[in-house]
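Note sheet for the following structure.
The values are calculated or read from the model by the stated rules, or taken from the named source; none is laboratory data. No experiment lies behind these values; they were computed from the predicted model shown. Quick reminder, even Gly has a Cβ in these numbers, built from the backbone with ideal geometry, and neighbours come from all protein chains shown.
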Amino acid sequence: MADNFDIQGIIKKVRVSINPELGIPADEQENPVNYRIIRLRKLVKETMTAQKALTAELSKIESNLLGLLEELNPDLELEDEKDLKAAADKAEAKTDKEAPKAEEPKEEDKKE
C-alpha cells in the first residue's frame, strides 16, 4: 500500500488547487518553459492595457479636480504642467549641484 502513495502528486495537486496559475495544461506538459513564457507575455500585455485605461481614468480625475478647484477658488492661479515640470527640473538640478562629487586623486596618489 505504501508503494502506491504518491506524496509528490498530492503536493502538486494541492498547490495547483490553491494557486491555479501554477498549473500547466495537459497539452503543454512537454514544454512547460514555453508555456510559462507565453503566459507571462500575455500577462504583461494585459497589464499594459490596464495601465493605459488607468492612465486615462486618472487624467479624467485630475481634470475634474482642477475644474472643482477653479470653481472653488476662481482667483487662484494654478501652475500648469509645464511650470510644474520646470520647477521639478530646477529642484533636481539644485540637488545635483549639492551632491558630493568624487574627489580628484591627489598628486601623491597619482604617482603610485
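Here are a few things to note about the model shown:
Residues are listed down the side, and each one gets a yes or a no for (1) surrounded by 10 or more Cβ atoms within 10 Å (Cβ to Cβ); (2) without any contact (Cβ under 8 Å) to a residue 40 or more places away in the chain; (3) among the β-branched types (Val, Ile, Thr):
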position: 15; (1), (2), (3): yes, yes, no
position: 30; (1), (2), (3): no, yes, no
position: 33; (1), (2), (3): no, yes, yes
position: 40; (1), (2), (3): yes, yes, no
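- Candidates in segment 17-27 are the residues that are exposed (fewer than 10 other Cβ atoms within 10 Å of the Cβ) and modelled with pLDDT of 80 or more; of these, the one that is nearest to residue 41 (Cα to Cα) is 25.
- Residue 60 being modelled with pLDDT under 80 and not acidic (Asp, Glu): no
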